[in-house]
1. Kindly establish whether Ser42 is part of a helix (DSSP H, G or I) and open to solvent by 40 Å² or more (accessible area, probe 1.4 Å).
2. Only one of Thr189, Thr125, Thr161, Thr150 is more than 22 Å from Gly54 (Cβ to Cβ), surrounded by fewer than 18 Cβ atoms within 10 Å (Cβ to Cβ) and free of Cβ contacts under 8 Å to residues at least 24 places away in the same chain; which?
3. Of the residues Ala166, Ala177, which is surrounded by 15 or more Cβ atoms within 10 Å (Cβ to Cβ) and not β-branched (Val, Ile, Thr)?
4. For Gln145, are the conditions met, namely being modelled with pLDDT of 95 or more and open to solvent by 60 Å² or more (accessible area, probe 1.4 Å)?
5. Farther than 17 Å from Leu168 by Cβ, surrounded by 13 or more Cβ atoms within 10 Å (Cβ to Cβ) and under 14 Å from the mean Cα position of the chain (by Cα): is that true of Ala134 in this structure?
6. Can you tell me how many residues within the range 55-86 are assigned to a helix (DSSP H, G or I), open to solvent by less than 50 Å² (accessible area, probe 1.4 Å) and more than 19 Å from Gln126 (Cβ to Cβ)?
7. Pick from the range 19-39 the residues that are within 13 Å of Leu109 (Cβ to Cβ) and in a helix (DSSP H, G or I): which of them is modelled with the highest pLDDT?
8. Scan the range 107-119 for residues that are open to solvent by less than 30 Å² (accessible area, probe 1.4 Å) and under 11 Å from Leu168 (Cα atoms) and jot them down.
Amino acid sequence: MANLKRTREDILQSVLDTVHRQGLTATGLSKLFEVSGASSGSFYNYFQSKHDLGHALIDFEWSQLQTNVLQPAIAQSENPIDQIFWILDRLEEKQLKEPKCGGCLLGNLIVDLVEQDPSFSQHLTQVFSQWEGAITQKLEQARSQLHPNTKPDHLAQQLITAIEGAMLMGKLHRNEARLKRGFDLARQTLKMALIKQ
């Protein structure tokens, strides 16, 4: 029986894995009601449509990434470079814990949604710009450790591209070794930008 008192966050958390695996486009409303445990009335109280749910999931996943990965990195070390390496380790660890390497939800949503509606492209572009900005800020703080010709914003873009590529190929090949090699490429990209101590 559906739980009529599910909160908005309950619903987002409960549909996350299904949308992550199947994509939002391929997941019918009946399946969303089923996995969320919410009645249609409760569901529509928070989300007017699957389109609305898609935007909410983008914000929810970005919030989770900030809360569970980006913000805790600061407590791990005062060195911003060490913080970035810690972020890479946590993202890789998260993928390895997931059955069959599920890929990045935000990356999966790019493939699933950006051709459907310009608003998804705009929203995901904004989120990835914020993510790149967070890494750029750490690299700016560590400028003295970087080669003089290194552009922090360009390096941040390279790192995010390597991270997303690693997760996408991990999802495609369902292969942990392939996933690890992808993350090692991201680490190597960062190491190559560092002045040898």
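The values are calculated or read from the model by the stated rules, or taken from the named source; none is laboratory data. Please read these numbers as outputs of a predicted model, since none were measured by experiment. Every residue, glycine among them, receives a Cβ derived from its backbone with ideal geometry; neighbour counts consider all protein chains shown. When the accessible area is computed, the model is the full protein with side chains, heavy atoms only, and any ligands, DNA or RNA have been set aside. Shrake-Rupley method; radii C 1.70, N 1.55, O 1.52, S 1.80 Å.
1. no
2. From the options Thr189, Thr125, Thr161, Thr150, the qualifying one is Thr161.
3. Ala166
4. It is false that Gln145 is modelled with pLDDT of 95 or more and open to solvent by 60 Å² or more (accessible area, probe 1.4 Å).
5. yes
6. 8
7. Once the filter is applied, the top-ranked residue is Val19.
8. If the condition is that a residue be open to solvent by less than 30 Å² (accessible area, probe 1.4 Å) and under 11 Å from Leu168 (Cα atoms), then Gly107, Asn108 are the ones that fit.
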